[in-house]
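The values are calculated or read from the model by the stated rules, or taken from the named source; none is laboratory data. Keep in mind it's a predicted model, so treat the numbers as computed, not measured. Reconstructed Cβ throughout: ideal geometry from the backbone, glycine too, with neighbour counts over all protein chains shown. To get the accessible areas, we keep the full protein, side chains included, count just its heavy atoms, and leave off ligands, DNA and RNA. Shrake-Rupley method; radii C 1.70, N 1.55, O 1.52, S 1.80 Å.
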Amino acid sequence: MDPQDDTIFALSSGGGGGARQYQATALAVIRISGPQALSTLQSMLLRPNKRTIVPRQATLCKLYTPITNNNQNTPRVVLDQALVLYFPQPHSFTGDDVVELHCHGSRAVVTDLLDTLAHLPGHRMAEPGEFTQRAFAKGKLDLLQVEALADLLTADTSRQRQQALTQLDGTLSDCYTSWRHMLIGGLAHAEAVIDFGDDEALIEDDTQAEQEEGDMLLMTEDVQQWNIWGNVRVQMAELRRAMEYQLQDSRRGELVREGLRICIVGPPNAGKSSLFNVLAQKDAAIVSNIAGTTRDVLELSLNLAGIKCVLSDTAGVRTFTSDQIEQEGIARAKKVAQQADVVVAMVEQGNAVAGMEILETVLKDSADEALLEGDEHDSSSVTTTHKLASENVLLVLNKMDLVKDTNDNTDPSSTNQDIRTFGISCHTNEGIDAFLEALTQTVTNRINGDTATAPNNSNSDNEGSLITRARHRQHVQAAVEALRRFDHLSQQGTMVVDMAAEELRLAASELGRVTGAVDVEDILDKLFKDFCIGK
Ligand SMILES: Nc1nc2c(ncn2[C@@H]2O[C@H](COP(=O)(O)OP(=O)(O)OP(=O)(O)O)[C@@H](O)[C@H]2O)c(=O)[nH]1
Ligand SMILES: [K+]
Ligand SMILES: [Mg+2]
């Protein structure tokens, strides 16, 4: 029997992790999907024929051990009193018949129900993501929506949730589908031109057409075909601009999904780990007055105004140390700073100039390294190795509590030209609120991006069309490149229309890969493995 025909079931609510680790909850949802879902539910009712299960209507019933061919004379046992729901195919999540048992969440109820189902012929426990996999197979969701669902299930912050929900809605899918249809339309025209060119010489271009109009007797259809070709070229150029615009999004969607990287760098003993702990609101990193305390990079998830951020504490950077472990720590610190979206440069107050020098070497080294390594980077990391724009750097002067004469305070604003500077104390918390506010604003600005006007048909002026994965970016980039080659070829006259058409075909298939309309088996396998059981 095809595993697709099995009736699958799983605990779809929390508390999972197998019978042994199951954590009791008030209620639990067991989902059953497949051809036998309804008959199984009915076999668990006391008088199956007396009770009609109305689709999509919650019914409170007692669930008994089901009647099977083997146990007709065995007394039946009540398993639970549950609220049941039935979604007939095709109007269900998976597209198959689906039954949901909203039962009590104790270990006894859940494990006995699962166990009972497992013993029914044609039934088996669902693999991770298998319900979603069936939904995809039935065309209920496309690949972008499957990815959105995966993102929604793992969303930590409100921005991640919003972004995932918009993508789940099909907004991004609609964008790529409409682009792909435009490409296929262009391709159809190109093919018409090719067919025509087979037996008739086409005029090379409009100007030539005008020149030769007098001399040559033109077939009106020739001209029509050629005019259509001209329109196709214009349309494809517009489409390419819309795609290019989408690619110029500063990776905002990917940042929301993956989390924005904020890195604290600075010389030893500046108080980096102390700040890390203040922001973590716990004793996460070791603090001591020994220079070179932090070696490894420590990471912490922060939610700043609904945006997921990953904050890193790093080893203090100094130009000379004979300690090999510290050297490795410094190398790691530089690398993390290089990949960060926002850098918090920290120095002790009164030492801003030295601090800025260190910051400059860190960022300069990273820019150099980025140039050297450039070719080895994949497309997603190339964009992150840019030299940081000053609006994404915050300079923090720590230990303000040690300043004796408050009038003689280091004027923070005088330390550097365009880098914003904040005086703080990790001991007294002075200045922390203002710094945190600025950090939050920086992160928000980075995600909201600039509001450059979108090309007419870009669909890119709303959050829904933001690229959310490097995978999408690669395909859109490849489609743009194909369209550039198309543009070049399509200017060269009739001889190469078929080559130009091939580029349109390529661009269309790249976009098809984004939504999953074109072969995506390998991506799917990987994606479904990341799903939890029951989804
Ligand atoms: N007076 C004062 N001392 C501070 C402040 N912040 C940190 N310190 C002290 O400075 C010392 C170094 O702090 P850390 O947080 O370990 O500094 P670090 O930058 O992480 O140091 P490394 O990991 O060695 O690079 C510790 O003794 C802290 O207690 C502050 O705001 N005021
Ligand atoms: K230290
Ligand atoms: Mg430290």
Practice task
Using only alpha carbon pairs under 8 Å that are at least six residues apart, calculate the relative contact order of the range 481-535 and give it in whole percent.
Solution key: 26 percent
Completion exercise
Length gained, THR74-ASP433, 0.36 nm per residue minus C-alpha separation, equals 122.3 nm
Exercise for the section: Compute the length gained on full extension between GLU238 and ASP418: take 0.36 nm times their separation in residues and subtract their Cα-Cα distance, giving the result in nm to one decimal. Expected result: 61.0 nm
Handout entry: lysines with Cα under 24 Å of LYS272, excluding same-chain neighbours fewer than 8 positions away
Key = LYS282, LYS308, LYS334, LYS335, LYS364, LYS387, LYS399, LYS404
Exercise for the section: Mind giving me the nanometre distance, one decimal, between the label points for VAL403 and LEU83, set 7 Å out from Cα along Cα→Cβ? Expected result: 5.9 nm
Completion exercise
To the nearest Å², the heavy-atom accessible area per residue of the range 53-183 with 1.4 Å probe amounts to 46 Å²
Exercise for the section: Ignoring everything but the protein chains, give the 1.4 Å probe accessible area of VAL29 in square angstrom, nearest 10. Expected result: 40 Å²
Handout entry: Sum of side-chain charges, ALA190 neighbourhood, beta-carbon under 11 Å (Lys, Arg +1; Asp, Glu -1)
Key = -3
Exercise for the section: Sort the range 1-54 into rounded, prolate or oblate with this rule: let a ≥ b ≥ c be the square roots of the eigenvalues of the Cα gyration tensor; rounded if a/c is under 1.5, and if a/c is not under 1.5, prolate when a/b is larger than b/c, oblate otherwise. Expected result: oblate
Handout entry: By average C-beta atoms within 10 angstrom, highest first, the peptides 129-137, 184-192
Key = 129-137, 184-192
Fill in the blank from the handout: Relative contact order in percent for the range 1-108 (Cα pairs under 8 Å, 6+ apart) equals 31 percent
Problem - Separation of the ALA354 and HIS181 label points, Cα + 7 Å toward Cβ, nm - result: 6.6 nm
Handout entry: For the range 3-140, diffusion coefficient by Stokes-Einstein and Kirkwood Rh (Cα), 4 °C, 1.567 mPa s, µm²/s
Key = 86 µm²/s
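Please list LYS335, LYS399, LYS272 from largest to smallest accessible area, probe radius 1.4 Å, with all protein chains kept in place.
Descending order: LYS335, LYS399, LYS272.
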